[in-house]
1. For W132 and I40 in the same chain, what is the full-extension length gain: residue separation times 0.36 nm, less their Cα-Cα distance, in nm?
2. Tell me which of L103, S41, L28 sits at the most positive position along the dipole axis of the range 12-150, charges placed on C-beta atoms (Lys, Arg +1; Asp, Glu -1).
3. Under Stokes-Einstein, with the Kirkwood radius over Cα pairs standing in for Rh, what whole-number D in µm²/s applies to the range 12-150 at 4 °C and 1.567 mPa s?
4. Take the Cβ-Cβ distance between V95 and Y32 as r, set R0 to 30 Å, and report the resulting FRET efficiency rounded to the nearest 0.05.
5. How large is the dipole of the range 12-150 about the Cα centre if only Lys and Arg carry +1 and Asp and Glu carry -1, each at its Cβ, rounded to the nearest 20 debye?
6. Using Cα pairs closer than 8 Å and at least 6 residues apart in sequence, work out the relative contact order for the range 12-150, in percent.
7. Calculate one ³J(HN,Hα) per residue across the range 38-52 by plugging θ = phi - 60° into the Karplus curve 6.51 cos²θ - 1.76 cosθ + 1.60, and present them in order as whole Hz with x for glycine and proline.
Amino acid sequence: METRPQLKPAPLTPRVLAAILDSTFVFLGFFYIVWTWGDISSNGERALTGIPALVLMLGILAYWVLPEWLLGSTMGKWACDLQVTTLRGGSISFVQSLKRNLLRALDFFPFYLTGFVTASLTPNRQRLGDLWAKTIVVRKKEIKQETVQSVP
């Protein structure tokens with residue numbers, strides 16, 4: 001069984017830019033929702049609690065899981081021409097998307113430093129979530145070139 005990808009992993013610079021874009025989208029959405037639907041606490045701050053807070057957290061997780069599973073990329077990855085694939089270049093499953101994004105909390109701490117260091121040290125530039133899910137982030141043109149080359 002082959003463990004090395006046939007595709008070249010994406011450079012870290014566009015991955016960092018995609019992470020910044022995705023984080024910006026998520027944080028802006030988070031603050032908008034808390035500001036719009038949050039209750040004002042006794043100290044004057046807005047807070048979202050209970051079921052609405054749970055729905056917001058699940059929505060944030062869905063921001064990454066669903067587009068990567070269905071389309072291969074989030075808005076940030078799409079803007080940077082990146083795609084998440086299996087190690088062989090195929091579409092990822094829902095479970096793979098869920099796995100790579102459940103570990104996002106570890107990769108994110110502190111400020112994506114763990115994910116950046118892990119991706120810098122692994123040959124396929126995989127963060128912890130990618131290692132667990134057996135996924136890789138590539139440039140979309142790599143997928144297109146691989147498809148063209150494999151057609152007889």
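Read-outs throughout are calculated quantities, based only on the coordinates presented, and are distinct from any laboratory measurement. Since the structure is predicted, the reported quantities are computational estimates derived from the model, not experimental observations. So basically every Cβ, Gly included, is an ideal-geometry build from the backbone, and we count neighbours across all protein chains shown.
1. So the extension gain works out to 29.1 nm.
2. L103
3. The Stokes-Einstein estimate is 81 µm²/s.
4. Step by step, r from the Cβ atoms, then E = 0.45.
5. Value, rounded to 20: 480 debye.
6. The normalised contact order for the range 12-150 reaches 22 percent.
7. Listing the rounded values in order: x, 8, 7, 7, 5, 8, x, 8, 8, 9, 10, 10, x, 4, x Hz.
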